[in-house]
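Heads up: the structure comes next, in structure tokens.
We did not get these values from a lab; they are worked out from the coordinates using the rules stated. Predicted, not measured: the structure shown is a model, and the values here were computed from it. Cβ sites come from the backbone with ideal geometry, for glycine too, and all protein chains shown count toward neighbours.
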Amino acid sequence: MGNRIFSGGVWEERYGYARAVVAGPWVIVSGCTSTIDGEVRHVGDVRKQALTAFGIALDAVERAGLTRDDVVRTRYYVVDPSHYDEVGAAHAQLFRHVRPVCTGVQVAGLIDPRMLVEIEVEAYRRDEQVPAPRGLPEEPQGEECGERRRTRDSVPGRRCGPGGQGRQLREPARRGRPGGARPPL
């Protein structure tokens, strides 16, 4: 099931959940608000609430042995859609160099009406010991793949782009007709 991390928050015991769960390489953090020792902090200031909630979430990530740089997904829930920019600015302050995927959602309300934002964070432990895949041809550079990146369909039989520059694509199997001929239109 994974290791559990507790922060001592009042709702963890009352509602039977952990602040975070370590499951394999993943650290999944429960929703965090700006509640410390049972008291909502920074009432009326959504940016400070967001920074406090992110701090609680990142503390759990660090207790699991990871860092802010390992965060791959964030979600934030706001009651008032006019708060997206302020929470987004707090997110950028903390994650501008990390660039995790992020989702912002408007909700009807949170557990306490003084809470303006709730934050979720997921981090992934990168295993530095994982060997590179074997048997892939070397990726061409420069002219062979073109000056700009191309999509799978722009160069027949070749795929250019991240992780696949110039790799030969396998021809799809054609079934049902001799020689792979297509039926007439």
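For 32, 102, what ranking results if the residue with the fewest other Cβ atoms within 10 Å of its Cβ goes first? It would help to have the intermediate numbers written out before the result.
Numbers: 32 26, 102 15.
Fewest-to-most ranking of 32, 102: 102, 32.
Sort 45, 37, 80 so that the residue with the fewest other Cβ atoms within 10 Å of its own Cβ comes first and the one with the most comes last.
Least crowded to most crowded, the residues run 37, 80, 45.
Shape of the range 19-78 from its Cα gyration tensor (a ≥ b ≥ c, root eigenvalues): rounded if a/c is under 1.5, otherwise prolate when a/b > b/c, or oblate?
Verdict is prolate for the range 19-78.
Quote the FRET efficiency, to the nearest 0.05, computed for residue 11 versus residue 82 with a Förster distance R0 of 30 Å and r equal to the Cβ-Cβ distance.
FRET efficiency, residue 11 to residue 82: 0.65.
Within 10 Å of each candidate Cβ there may be at most 13 other Cβ atoms; applying that plus a DSSP loop requirement, which trypsin sites (Lys or Arg not before Pro) in the range 1-109 survive?
Those satisfying the criteria are 96.
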